[in-house]
Amino acid sequence: MKKKVAVIGAGPSGITALKNLLDQGIEAVAFDRNHDVGGNWIYSEDESHSSVFETTHIISSKTLSQYEDFTFDDFDPETADYPSHDELRRYFQAYAAHFNLYPHIRFGIMVKHCRWIDEETWEITTEKDGVEEKELFTHLAVANGHHWKPRYPNYPGEFSGEFLHSHHYKKAAPFKDKRVLVIGGGNSACDVAVETSRVSKKTAISWRRGYRIVPKFIFGKPSDKVAEQSKWIPPRLRMFLNSILLRIIIGKNEAYGLRPPTEHFGATHPTINDELLHKIRHGKVKPRMDIKKFEGKKVVFEDGKEEEYDTIIACTGYWLSHPFFDKDFIDYSSGPVPLYLKMFHPKITNLHFIGMFQPLGCIWPGAELQSKLMAQELIGNWKRPENLEELCEKEVKNPDFKQINSPRHTITVDFHRFVKDLKKQLPKNYVSKMPTTEALSVEQNQET
């Protein structure tokens, strides 16, 4: 039976899935609700669209955040070490144009439901302009991302001011002269605290646990490039050495009035934002403890401090969500995610997840390799291990990092180990820089 693959999403993971399927002569169609490729890297103030902030820059450096088939040097050799969201948007759109992906993408479409019929059939229900359609495919590649369904915190009492999630935060201007409290210690929280502090009357940041703040540059190099030099060291020892280096460069959290980390390095995602430390020491951002309760506009913290705020911005992460699947079919919103190499389902052979992992690094290089492996399987050059279910359980029970038990940490991988494991499965000549139309033409000529 001729293969026909539906790809959900035309963000960074979706476009590389599409590209690598087309590379192998496989018919594929990508569906996306946006008007162009790029996913949440297309900045928009429309709250219905999950997008980056006005001032967002990537938190991993460009050389560890690129496709091998189309590097930043291929795109623009003058790309910044940490590209802005606009540079990234143009990069993804240049990738799609270079590999002639646009004719294979249907924009402005919401995937409503995916029904698995058998190992050769998926029924995909889509909606565009209020009109639903059903279409059959042999395979499904899920690349819808995992940063779009907000997860809100829950505290006793009621806050009578403005309360929003970072999903709805787009820029600092609306918070001019307001008293702002940011909840969270991750990258989004620290970005929001730094940016609002430039215009607000007051900005504070509340942590319920200690986070490690990592500078973007160490010894004049991007910090992840410095860390890359120790990738040969086992993760646990490597994280220990990294924590010592960080202590030497940054000092203790307590020196900034922040909660000290109580978990080992790697137990939570490090936060790449040393500007927060500057803002704290310059009095622009006030560190606060966890919230005990709300009383109108008053916030009572666990150490007894009480303050009034006009706005609270909760930067408390996102749910892992696949609303197009029935809940009793697939639901990874809580609990473990038993997928081999974070992409192969233990039982459903015509389903692949692309980019559904959270590395201590960038997702796209791994998503590109997953896409290549998916394509190799579909053309018969790679077969799933016979003990796939056992391998899925092994990944769940033996994660790369022993992290705290929270929904945010169910899909974490070590970037370098994960990339290495994927490359082991691929042929040595897996890099393919040739535009799709040329690649197909060459393949057809070889067949004749």
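The values are calculated or read from the model by the stated rules, or taken from the named source; none is laboratory data. Quick caveat, the model's predicted, so the values are computed rather than measured. Neighbour counts are summed over all protein chains in view; Cβ atoms, including those assigned to glycine, are modelled from backbone coordinates with ideal geometry. Just the protein is used for accessible areas: all its heavy atoms, side chains included, with ligands, DNA and RNA removed. Shrake-Rupley method; radii C 1.70, N 1.55, O 1.52, S 1.80 Å.
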Would you tally the residues in the range 133-155 being more than 24 Å from the chain's Cα centre (by Cα) and under 23 Å from residue 371 (Cβ atoms)? 4
Listed by first then second residue, the pairs whose first member lies in the range 292-314 and is small (Gly, Ala, Ser), whose partner is assigned to a strand (DSSP E or B) and open to solvent by less than 10 Å² (accessible area, probe 1.4 Å), with beta carbons under 7 Å and at least 6 positions apart or on separate chains, are 314/165; 314/183
Here are the criteria: (1) in contact (Cβ under 8 Å) with a residue 24 or more places away in the chain; (2) open to solvent by 70 Å² or more (accessible area, probe 1.4 Å); (3) not β-branched (Val, Ile, Thr). Tell me which single one residue 219 does not satisfy. (1)
Select, from 189, 141, the only residue that is of a type in the set (A, V, I, L, M) and assigned to a strand (DSSP E or B). 141
In the range 418-431, which residue that is of a type in the set (D, E, K, R) and open to solvent by less than 100 Å² (accessible area, probe 1.4 Å) is modelled with the lowest pLDDT? 421
Does residue 171 count as open to solvent by 40 Å² or more (accessible area, probe 1.4 Å) and free of Cβ contacts under 8 Å to residues at least 24 places away in the same chain? no
When you scan the range 1-106 for helices (runs of 4 or more DSSP H) that lie fully inside it, which ones turn up with 1 or more residues that are free of Cβ contacts under 8 Å to residues at least 60 places away in the same chain and farther than 30 Å from residue 273 by Cβ? 85-98
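Would you point out which residue out of 289, 239 is within 26 Å of residue 362 (Cβ to Cβ) and among the aliphatic types (A, V, I, L, M)?
239
Report, by residue number, each residue of the range 71-82 that is open to solvent by less than 20 Å² (accessible area, probe 1.4 Å) and in contact with an Asp or Glu (Cβ under 9 Å, 6 or more places away or on another chain).
72, 79
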